[in-house]
Amino acid sequence: MIPYADFTFFGLMLIPVAVTVILGLLGLANSRWTLICTGLVLVVLLSDSHSAAVLRPGETVRQMWLVLGYAGYQAAIAFGLLRWRNRWTFYAALALSVLPLALGKVIPFLLPDSRLGFLGISYVTFRALDVVFSIHDRVITRIAPAQYFTFLFFFPTLSSGPVDRYRRFGQDWARVRGRSEFVDDLDAAIARIFQGFLYKFIIAALISTYWMDRVDSDRSFGGVLSYMYAYTAYLFFDFAGYSAFAIGFSRLFGVRSPENFDKPFLSRNIKDFWNRWHMSLSFWFRDHIYMRFLLAAGKGKWFQGRHTASYLGLTLTFGLMGIWHGLELHYILYGLYHAALLSGYDIFNRWNKKRRLWRDGPVWRGANILLTCHVVAFGLLLFSGHITPQRPPRFEEIAEQVGCDGVVGWAWDSARPDTALEVFVYVDGIPSDRIVAGVFRNDLQERGMGDGRHGFHWNIPEWMRDGQPHTVKMLVTESGRVLRGTPVVVECPPSVPIP
C-alpha cells in the first residue's frame, strides 16, 4: 500500500483522522498524538504482505525491521556528530547517512534478484541529511528523540514529500494548538485534500486514460510530441495532487509542510521554473549542494574562471538530482539537461544585458513563458524514458491470457536463456499446482528468448468450475517473483449442472 495511490490508504486514514478531529476540537491534538499516529500508520503500511525486501532469491526481510534498523542507524549518526563535531566526522556522517539509499539503488543493478529498501527511503534520507548538515552548521545543537523519529517518518509526507527541514518542523512540533487554531488547520486541510482528489483522481486520471495512454505506442513525430504534452500535464496534476494530499494531512496533524508548486508553467525562464517546481526538493539541493560547492570552491580558489564554479556546481547538483530519481539513463540525462539549460540561460542573460536583443514587455513575457514551457516539457519527456533506450529486463514472466480455458503465458530468465523455469500456482492463497514453463513458442524464439521453450498453459481444474470467484496467483518457484497479470480473479460456470 502506497500513500495516496489508491483508496485503500484513505480507508486506513479514516480512524486516525476521526480521532484527530475529536481531539483537536477538545484542544488535545498535540505533538504526542502526531507521534503515535506516525508510528501506527507506519506499522500498517510496512506490514503489508508485499512490503518485503529481497536479500536474495528465497530470502526476504520485512520492511518494518529495515525501518527500525534504519532509524537507529541514522539516530546514532546524528547523536555521534553532535558529540564529536569536526570536519572529518561531518564527512563521515554524510557518507554513512547516504549509504543505505545508495545501496538500495545500486544493489538491484548488480544483483537483479535483490531488492533492498523500504517505502519512502529517498525522502527519509533527505531529512536525515538535513539534520547532519544542520548539526554541522550549528543550526541544531540538540535532538529530541521523539521529534527526530517523527520528523524522519512523518507519514503524510513519507513517500512523496514535500522535503521538510528539521528546524522548521521543530517549530510546528513545539506549537500548542487550541480549538480555534485547530479549526483553522482543519479548514485548510479539507481544502487541500479535496484539491488532491481533483488533481490526482480526476484530472490526472482523465489525461492518462484519454490522452497519454492512447498515444503511448505512436512513435511518429506527432505521436511523440502529443505524448510530451500529455505526460507533462499528467505529471504535474498527479504530483501536485500527491503534494496537496501530503500538505493537507500534515496540516491536520499540526505540521505546515512547505509548498511544492507555485504555478510552474507561468515561469518566464528556466531559473524561475526551478523556483516554482518541486520547490522543497530544488531548494534542498540549492542550499545543501550548490551553495556549499560554491562556498568551498571560492574559499579554496579552485577555478580561475569567474563563472566556472557556478556551472560545475549546477552540473553536480542536477546530476545528483537525476541520480536520486534512479540510475537509469533517462534520469541522468534529465539532470544534465537542466544543468545545461540553467548554465546556458545564465550565459545568454549576461550577453543579453549588453545587447538587449531579448527585451521586456507583454509580448516578450508571453514568448518567455511559451519557450520555457516547451523546454521544460522536453525535459519531462526525457524524464519519462519515452525516447531513450531502455535496458532490457532480465526477467520476462507474464500471464498473458487468463480465463476459464486456462492460463497462458511464459517465464524466461535472460541470464539462463535455455533453462525452463518452474512456476508455482496458488488458488485463493492455497498452493495448488506446479508447472514447468517449457512449451515451445515460435514467437518467443523469434524475440531471442533462448530456444523458445519458455511458454506454459495451465488448465483450470474441475473443482474451480463451481460458479464462484477464485483468485489465481502465479510465481516463479525459485525466486518468488509474481508473474505479471496475476493475481487475477477467475469465475467459471459449473461444468456439470448442480441439482
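Results, tabulated for the structure shown:
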{"item": "Checking residue 460 against (1) in contact with a Gly (Cβ under 8 Å, 6 or more places away or on another chain); (2) in a helix (DSSP H, G or I); (3) under 30 Å from residue 494 (Cβ atoms), the condition it does not meet", "result": "(2)"}
{"item": "Scan of segment 351-373 for residues that are part of a helix (DSSP H, G or I) and without any contact (Cβ under 8 Å) to a residue 24 or more places away in the chain, ordered by number", "result": "351, 352, 353, 354, 355, 362, 363, 364, 366, 367, 370, 371"}
{"item": "Residue within segment 54-63 that is under 19 Å from the mean Cα position of the chain (by Cα), β-branched (Val, Ile, Thr), at pLDDT below 90 and surrounded by fewer than 16 Cβ atoms within 10 Å (Cβ to Cβ) present", "result": "no"}
{"item": "Pick from segment 412-436, criterion among the charged types (D, E, K, R) and in a strand (DSSP E or B), ranking: farthest from residue 461 (Cα to Cα)", "result": "413"}
{"item": "Evaluation of residue 140 against (1) open to solvent by less than 50 Å² (accessible area, probe 1.4 Å); (2) within 17 Å of residue 255 (Cα to Cα); (3) at pLDDT below 95 (one fails), failing number", "result": "(2)"}
{"item": "Segment 421-454, residues that are aromatic (Phe, Trp, Tyr) and either over 29 Å from residue 465 (Cβ atoms) or surrounded by 13 or more Cβ atoms within 10 Å (Cβ to Cβ) (or both)", "result": "424, 426"}
{"item": "Scope segment 69-85; condition in contact (Cβ under 8 Å) with a residue 40 or more places away in the chain, assigned to a helix (DSSP H, G or I), in contact with a helix residue (DSSP H, G or I) (Cβ under 8 Å, 6 or more places away or on another chain) and surrounded by fewer than 17 Cβ atoms within 10 Å (Cβ to Cβ); matching residues", "result": "82"}
{"item": "Hey, residue 290 surrounded by 15 or more Cβ atoms within 10 Å (Cβ to Cβ), closer than 22 Å to residue 165 by Cα and over 21 Å from the mean Cα position of the chain (by Cα) or not", "result": "yes"}
{"item": "Odd one out for residue 489 among (1) aliphatic (A, V, I, L, M); (2) part of a strand (DSSP E or B); (3) open to solvent by less than 40 Å² (accessible area, probe 1.4 Å)", "result": "(3)"}
{"item": "Residues located in segment 125-140, provided they are more than 13 Å from residue 285 (Cβ to Cβ) and of a type in the set (D, E, K, R)", "result": "127, 137, 138"}
{"item": "Pair list, Cβ < 6 Å and 6+ apart or interchain, from segment 174-195 residues that are farther than 15 Å from residue 30 by Cβ and in contact (Cβ under 8 Å) with a residue 24 or more places away in the chain to residues that are open to solvent by 30 Å² or more (accessible area, probe 1.4 Å) and assigned to a helix (DSSP H, G or I)", "result": "188/251; 189/251"}
{"item": "Sole residue being of a type in the set (Val, Ile, Thr), without any contact (Cβ under 8 Å) to a residue 40 or more places away in the chain and open to solvent by less than 40 Å² (accessible area, probe 1.4 Å), chosen from 215, 224", "result": "215"}
{"item": "Leading residue by the ranking (surrounded by the most Cβ atoms within 10 Å (Cβ to Cβ)) among those in segment 159-195 that are farther than 23 Å from residue 237 by Cβ and of a type in the set (S, T, N, Q)", "result": "171"}
{"item": "Verdict on residue 428 being acidic (Asp, Glu) and free of Cβ contacts under 8 Å to residues at least 12 places away in the same chain", "result": "no"}
{"item": "Close pairs from segment 455-475: first without any contact (Cβ under 8 Å) to a residue 40 or more places away in the chain, partner surrounded by fewer than 18 Cβ atoms within 10 Å (Cβ to Cβ) and part of a strand (DSSP E or B), Cβ under 6 Å, at least 6 apart", "result": "469/489; 469/491"}
{"item": "Residue in segment 377-390 that is modelled with pLDDT under 90, of a type in the set (Phe, Trp, Tyr) and surrounded by 15 or more Cβ atoms within 10 Å (Cβ to Cβ) present", "result": "no"}
{"item": "Any chance residue 393 is within 21 Å of residue 327 (Cα to Cα), open to solvent by 70 Å² or more (accessible area, probe 1.4 Å) and not hydroxyl-bearing (Ser, Thr, Tyr)", "result": "yes"}
{"item": "Residue 357 being open to solvent by 40 Å² or more (accessible area, probe 1.4 Å), closer than 19 Å to residue 232 by Cα and of a type outside the set (D, E, K, R)", "result": "no"}
{"item": "Count of segment 299-310 residues which are open to solvent by 100 Å² or more (accessible area, probe 1.4 Å) and not in a helix (DSSP H, G or I)", "result": "4"}
{"item": "Filtered residues of segment 322-341 (kept if over 21 Å from residue 107 (Cβ atoms) and open to solvent by less than 20 Å² (accessible area, probe 1.4 Å))", "result": "334, 335, 338, 339"}
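Per-residue answers, yes or no, for (1) assigned to a helix (DSSP H, G or I); (2) surrounded by fewer than 15 Cβ atoms within 10 Å (Cβ to Cβ):
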| residue | (1), (2) |
| --- | --- |
| 236 | yes, no |
| 241 | yes, no |
| 257 | no, no |
| 262 | no, yes |
| 273 | yes, no |
| 284 | yes, no |
| 296 | yes, yes |
| 312 | yes, no |
| 319 | yes, no |
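The values are calculated or read from the model by the stated rules, or taken from the named source; none is laboratory data. Since we're looking at a predicted model, the values are computed, not measured. Backbone-built Cβ (ideal geometry, glycine too); neighbour counts: all protein chains shown. Quick note on the areas: whole protein, heavy atoms, side chains included, nothing else; ligands and nucleic acids left out. Shrake-Rupley method; radii C 1.70, N 1.55, O 1.52, S 1.80 Å.
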